[in-house]
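> Below is the structure I would like to discuss, written out as structure tokens.
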Amino acid sequence: MVEIKVRLQINTSQERVWGIISNIDNDPDFWRGITSVRNISRDGNVITREIVLGTTNKCIQRLVIYPKEEISIRWIKGVITGTKTILLTPIGHATLLEVQMNYKFSSVGNLASKRLATLFQNEAELAVELIKEKSEWHERHIPMKTKKSWAV
């Protein structure tokens, strides 16, 4: 079993971060191991979907979405079994983003499991950085100045 925990403070509102992470069809933009997403079914806040890891590894996930707080993902079929939980906690005007992953890899030895743990740790760290960048992007706008004359 591989356990990964990553947390990062994002300097924007919980609503802004939620708007980005809850658009689950865009997961390949943040989670680089995912190359495609296809939703199979939806029943309220529960979604079953097929994802492709790399070029050929198809997996089935069941997501439970708790608005503005958590996305709970269970890998139910494929090369990975386990869970990934994405949590949001407001901290004043900022938001704490946490990712907790508990994975088991089918037919993988101990050495390969350690390499995969490093790979998934790096992927989680990159994902939270990309989410932070996209969430804070609107905060870093450059004010426009009014031009009083135009060059000819």
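The values are calculated or read from the model by the stated rules, or taken from the named source; none is laboratory data. Quick caveat: nothing in here was measured; it's all calculated off a predicted structure. Positions of Cβ are backbone-derived with ideal geometry, glycine not excepted, and every protein chain shown enters the neighbour counts.
> Within segment 110-124, identify whether any single residue is touching an Asp or Glu at 6+ places or on another chain (Cβ under 7 Å) and either of a type in the set (Val, Ile, Thr) or surrounded by 14 or more Cβ atoms within 10 Å (Cβ to Cβ) (or both), and answer yes or no.
In the first step, residues of segment 110-124 are kept if they are touching an Asp or Glu at 6+ places or on another chain (Cβ under 7 Å); the result is none.
Among the residues of segment 110-124, not one is touching an Asp or Glu at 6+ places or on another chain (Cβ under 7 Å) and either of a type in the set (Val, Ile, Thr) or surrounded by 14 or more Cβ atoms within 10 Å (Cβ to Cβ) (or both), which makes the answer no.
> Output the residues belonging to segment 16-34 that are closer than 19 Å to residue 54 by Cβ, surrounded by 16 or more Cβ atoms within 10 Å (Cβ to Cβ) and not acidic (Asp, Glu).
The answer is 30, 31, 33, 34.
> Hey, another quick one. Does any residue of segment 41-64 turn out to be hydrophobic (A, V, I, L, M, F, W, C), surrounded by fewer than 16 Cβ atoms within 10 Å (Cβ to Cβ) and touching a Leu at 6+ places or on another chain (Cβ under 8 Å)?
At the first step, the residues of segment 41-64 found to be hydrophobic (A, V, I, L, M, F, W, C) are 46-47, 51-53, 59-60, 63-64.
Checking which are surrounded by fewer than 16 Cβ atoms within 10 Å (Cβ to Cβ) leaves us with 46, 60, 64.
Still in the running and touching a Leu at 6+ places or on another chain (Cβ under 8 Å): 46.
Within segment 41-64, one or more residues are hydrophobic (A, V, I, L, M, F, W, C), surrounded by fewer than 16 Cβ atoms within 10 Å (Cβ to Cβ) and touching a Leu at 6+ places or on another chain (Cβ under 8 Å).
> What are the pairs, 6+ residues apart or on separate chains, where a residue within segment 1-25 that is assigned to a loop (DSSP other than H, G, I, E, B) has its Cβ under 8 Å from a residue that is of a type in the set (Val, Ile, Thr) and surrounded by 13 or more Cβ atoms within 10 Å (Cβ to Cβ)?
Within 8 Å, the pairs are 12/95; 13/95; 22/65; 22/71.
> I've got another one for you. Taking segment 26-68 on its own, how many of its residues are of a type outside the set (Val, Ile, Thr) and under 28 Å from residue 91 (Cβ atoms)? Full working, then the answer.
We begin by selecting, within segment 26-68, every residue of a type outside the set (Val, Ile, Thr); these are 26-33, 36, 38-39, 41-45, 49-50, 53-54, 57-59, 61-63, 66-68.
After this cut, where a residue has to be under 28 Å from residue 91 (Cβ atoms) as well, the list is 26-27, 29-32, 45, 63, 66-68.
Here the count works out to 11.
> Determine the pairs where a residue that is under 21 Å from residue 35 (Cα atoms) and of a type in the set (Asp, Glu), located within segment 117-141, has a partner that is at pLDDT 95 or above and surrounded by 13 or more Cβ atoms within 10 Å (Cβ to Cβ) with Cβ atoms under 6 Å apart, the partner being 6 or more residues away or on another chain.
Between residues of segment 117-141 that are under 21 Å from residue 35 (Cα atoms) and of a type in the set (Asp, Glu) and residues that are at pLDDT 95 or above and surrounded by 13 or more Cβ atoms within 10 Å (Cβ to Cβ), the close pairs are 125/6.
> Tell me which residues, restricted to segment 8-31, are among the charged types (D, E, K, R) and within 12 Å of the chain's Cα centre (by Cα).
First, pick out the residues of segment 8-31 that are among the charged types (D, E, K, R): 15-16, 25, 27, 29.
Residues satisfying the conditions are 25, 27, 29.
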